[in-house]
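The values are calculated or read from the model by the stated rules, or taken from the named source; none is laboratory data. Predicted, not measured: the structure shown is a model, and the values here were computed from it. So basically every Cβ, Gly included, is an ideal-geometry build from the backbone, and we count neighbours across all protein chains shown. These area figures cover heavy atoms from the full protein model, side chains too; ligands, DNA and RNA do not enter into them. Shrake-Rupley method; radii C 1.70, N 1.55, O 1.52, S 1.80 Å.
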Amino acid sequence: MTVFDDLVGQDHAAAVLSRAAAAAGEVVAGGRGAGMTHAWLFTGPPGSGREEAARAFAAALMCPDGGCGHCDQCHQMLIGSHPDLETVRPEGLSYSVRQTRELILRAAGAPTQGRWRVILFEDADRATEAAANALLKAIEEPPPRTVWLLCSPSPDDLMITIKSRCRLVTLTTPATEAVAHVLATRGNVPPDIATFAARAAQGHISRARALALDEDVRRRREAVLAIPRSLTGVGECVSAAERLVKTAEDEAAAATAALNENETSELRKLYGEGSTGKGLNRGLVRGGAGALKELEDRQKSRATRLKRDSLDAALLELVSFYRDVLAMQFGAEVELANDDLRFDLDQLARSSTPEETLRRIDAIMQCRERLAANVNPQIAVEAMMLALRP
Ligand SMILES: [Zn+2]
C-alpha cells in the first residue's frame, strides 16, 4: 500500500507523482534527481481531490520509502501535523499580500528534519493579484529544499507567469463506481448507500462521503430536491426561496460557529485575558483588542464565503435535478444523478418540454451569477423560483 492508493480514480496523476517523489529522494541522497520540480500546480474539478493528491505527494516527499502510507512521516503529513508542512487555506474571500509575505518568509526556512519544506497552498486562485505577485517571486527562486504545492480548480485561475513555472498535475472527475468502491471498502458504508451517495455527488468525493455518513446532509439534499414539485403558485415560490436561503445560512452558521469559538478563545488566552497585572501585561491586553478586532473581521469574511458556497451548492443540486429531467426527455442513456427521485423526474419530463427544462437550468445559472455579483440572496432566489414554476 502507498499514499497514492487513496487517490480515487487518478491513476495517471499517481504515477507522475510517485516518479517525482522517487526523484526527490535522489536529491535528498545527494544525487541529481532529474524530474524533481519545486513548484507544482494541482488542478481538477471541485471534489476531485486536489488537496488530497497534494497531501499524498507531500507525504511521499518526506517518507524515506517514497510514501509507504504507514510510517510516522507519512502519517504526520497526511493529518497535517508535520513540522515541515505549512498548509495555507484562505479563509476570507481572498488571500492578502501581507499574509503571502509572511508565508514566504516562513517558507524560506530550512526543513527541520532534513528532507523538504512543503508549502501546501489550497485555493491558490483566491490570492489577490498583489499576493500572487509576491508568490511569483518566491516560486521563481525557491530555496533549495522548499517545495510549493498550489491547488486551484483550473490552471487558468492563476496568473500565467505563476502557471508557467509550475508543473501541472491534472485530476479528473472520478467515475461513480470508483467513488462507491472506496466508500464501501474504506468507509464501511453499505454498498447500496455507497452507490446512491457516489451517484448523487457526481464524482465529488467529500460530498459523497458526507452523503453516505451524515444523515443531516442527506436530509438537506432531500429538502432541496423537493423544491421543484412544491412550486405550485407564487406564494409557494416565495416561501421556497425563504427556506432555501435559510437552510444555507443555518448550514454555514453551524460550520463557522465551532471554528470561531476555538480561534477566539485561543487568541484571548494568548493575550492573557483575565489577568489583572500591571505594566507589560496591560500593554499585551491593549494589543489584544486590535488582534481580536482583526480576527473578527477575518471570521466575518469567512462566514460570508461559507454562506455563499453553501447556497451555491444547493443551486447546483437543483441543476442536477433538471439535467436529469432533460436526459429523460431526450431518452439519453446516461446515469441519473438523482436516480432515487425517478418518479419526480419522470413526471416533470412528461409534463414539460426540453425547451422549458433548458430555460429552467438557465434561470438557476443566472441566479448563481447574480449571487456572485452580490445581489440580495432572497431577491435573486425568489426570481429564480418563479422562473422554475411550471
Ligand atoms: Zn512512509
Notebook entry, point to check: Between Asp192 and Asp216, how many nm apart are label points set 7 Å from Cα along the C-beta direction?
Noted result: 2.6 nm
Item checked: Derived scalar couplings ³J(HN,Hα) [the range 332-344; Karplus, 6.51 cos²θ - 1.76 cosθ + 1.60; whole Hz; x for Gly, Pro] -> 6, 8, 10, 6, 8, 5, 10, 4, 5, 10, 3, 4, 4
Check: Not counting the cut sites, what is the longest span of the chain without trypsin sites (Lys or Arg not before Pro) that DSSP labels loop and that have at most 13 other Cβ atoms within 10 Å?
Finding: 33-277
Check: Hey, with R₀ at 22 Å, roughly what FRET efficiency would Lys300 and Ala373 work out to, going by the Cβ-Cβ distance, to 0.05?
Finding: 0.65
Item checked: Sparsely packed GluC sites (Glu not before Pro) within the range 322-390, loop by DSSP, other Cβ within 10 Å at most 15 -> Glu333, Glu335
Margin query: Just to verify a number: FRET efficiency for Val97 and Asp346, C-beta to C-beta distance, R0 = 51 Å, to 0.05?
Written below: 0.45
Notebook entry, point to check: Say each of Ala291 and Ile160 gets a label point 7 Å from the Cα, pointing the same way as Cα to Cβ; how far apart are those two points in nm?
Noted result: 4.4 nm
Check: Which of the residue pairs Lys163/Lys307; Lys246/Lys300; Lys269/Lys293; Lys137/Lys300 have a Cα-Cα distance greater than 20 Å in the structure shown?
Finding: Lys163/Lys307; Lys137/Lys300
Notebook entry, point to check: Which cross-chain or sequence-distant (5 or more) residues have an amide H under 5 Å from the amide H of Phe42, H modelled 1.01 Å from N in plane?
Noted result: Leu150, Cys151, Ser152, Val169
Margin query: At 7 Å along Cα-to-Cβ for each site, give me the label-to-label distance between Glu177 and Asp250 in nm.
Written below: 3.9 nm
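How high is the FRET efficiency from Glu140 to Met365, r the C-beta distance, R0 51 Å, rounded to 0.05?
0.85
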Item checked: J(HN,Hα) series, the range 357-373, from Karplus relation 6.51 cos²θ - 1.76 cosθ + 1.60, nearest Hz, glycine and proline x -> 4, 4, 5, 5, 4, 4, 4, 5, 4, 5, 4, 4, 5, 5, 5, 5, 8
Notebook entry, point to check: What ³J(HN,Hα) values, in whole Hz, does the Karplus curve 6.51 cos²θ - 1.76 cosθ + 1.60 give for the range 110-117 when θ = phi - 60°, with x put for Gly and Pro?
Noted result: 6, x, 6, 10, x, 9, 9, 10
Notebook entry, point to check: Amide H neighbours of Val88 under 5 Å, counting only residues 5+ apart in sequence or on other chains, H built in-plane at 1.01 Å?
Noted result: Leu120, Phe121, Glu122
Notebook entry, point to check: Carbon and sulfur: what percent of the chain's accessible surface (1.4 Å probe)?
Noted result: 53 percent
